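Below you'll find the structure, written out as structure tokens, and then a few comments.
The values are calculated or read from the model by the stated rules, or taken from the named source; none is laboratory data. Quick caveat: nothing in here was measured; it's all calculated off a predicted structure. Glycine gets a Cβ as well: all are built from the backbone with ideal geometry, and neighbour counts include every protein chain shown.
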Amino acid sequence: MSLENPLGWLLLTSVIFLLVVMFTVTTKNGEKSRRLLNKKSAISETNASSRLQGKSSPNLSIKDFILLNRVKTAEHLFHPIILKAANQYKIDPALIKAIILAESQYNPRAVSKKGAKGLMQLMPLTASEMEVEDVFNPEHNIDAGVRYFKKLLARFEGDTNLALAAYHAGSEKVRKHGGIPPFKATRHYIKKVLEYYRYYKKELT
């Protein structure tokens, strides 16, 4: 096609115009699709929140609602083991569930950066002290975790907050500070466990 020919210039201009139109339409469709996906995601989160709102603590965030919804299947799977340990050691099953959610989000294979393992995130020394056969076995892990928490409750005269602080930061830190240690992570941990506990308490009644 010769550009010296007026017809050639006309054809070239038409092709460029068509390409610009196609690019504009494609871009607009892409933006529309992204907006639609974002809208669907927001609706999904809202629906999950609504399904749990009736039984939950008003202090729970949408992120917590989504988490609770995501772990439902695992929670139901481990429910009989939790009830068995709760009845045996006289600990509220709602509290056990709350600790497991905060510790491992119901992942029986969870391993923390510090080496805590399993559903109740038992440190190697604690697992050894509790004589755990298989730390990744849900029944062994939950039984040992609940026994250990029961021991902490007795050590701190039934004070749940102090027992939780000791479970998270260690008994020595609680004694050293004469109460809940001034650690942001530990205070946040206690707050989340108690929020989850209120949710499970309502769910189990």
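Summary table
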read-out	value
Pair list, Cβ < 6 Å and 6+ apart or interchain, from segment 118-131 residues that are farther than 14 Å from Glu103 by Cβ and free of Cβ contacts under 8 Å to residues at least 24 places away in the same chain to residues that are loosely packed, with under 13 Cβ neighbours inside 10 Å and not aliphatic (A, V, I, L, M)	Pro124/Gly115
Whichever residue in segment 105-127 is more than 15 Å from the chain's Cα centre (by Cα) and either among the small types (Gly, Ala, Ser) or assigned to a helix (DSSP H, G or I) (or both) and, among such residues, is surrounded by the fewest Cβ atoms within 10 Å (Cβ to Cβ)	Leu125
Positions within segment 153-205 being part of a loop (DSSP other than H, G, I, E, B) and in contact (Cβ under 8 Å) with a residue 60 or more places away in the chain, in sequence order	Leu204
Flag if Ser50 is within 20 Å of Leu194 (Cα to Cα) and modelled with pLDDT under 90	no
Residue, surrounded by the fewest Cβ atoms within 10 Å (Cβ to Cβ), within segment 150-196, restricted to residues that are closer than 20 Å to Gln105 by Cβ and hydroxyl-bearing (Ser, Thr, Tyr)	Tyr189
Residues of segment 59-104 that turn out to be surrounded by fewer than 15 Cβ atoms within 10 Å (Cβ to Cβ) and in a loop (DSSP other than H, G, I, E, B), as a count	4
The one condition in (1) closer than 24 Å to Lys202 by Cα; (2) surrounded by fewer than 18 Cβ atoms within 10 Å (Cβ to Cβ); (3) more than 16 Å from the chain's Cα centre (by Cα) that Asp143 fails to fulfil	(2)
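Let's see how each residue does on (1) hydrophobic (A, V, I, L, M, F, W, C); (2) under 13 Å from Glu103 (Cβ atoms); (3) in the same structural domain as Leu101 (by TED's automatic domain parsing):
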{"position": "Asp134", "(1), (2), (3)": "no, no, yes"}
{"position": "His140", "(1), (2), (3)": "no, no, yes"}
{"position": "Asp143", "(1), (2), (3)": "no, no, yes"}
{"position": "Lys150", "(1), (2), (3)": "no, no, yes"}
{"position": "Tyr167", "(1), (2), (3)": "no, yes, yes"}
{"position": "Lys176", "(1), (2), (3)": "no, no, yes"}
{"position": "Gly179", "(1), (2), (3)": "no, no, yes"}
{"position": "Arg187", "(1), (2), (3)": "no, no, yes"}
{"position": "Ile190", "(1), (2), (3)": "yes, yes, yes"}
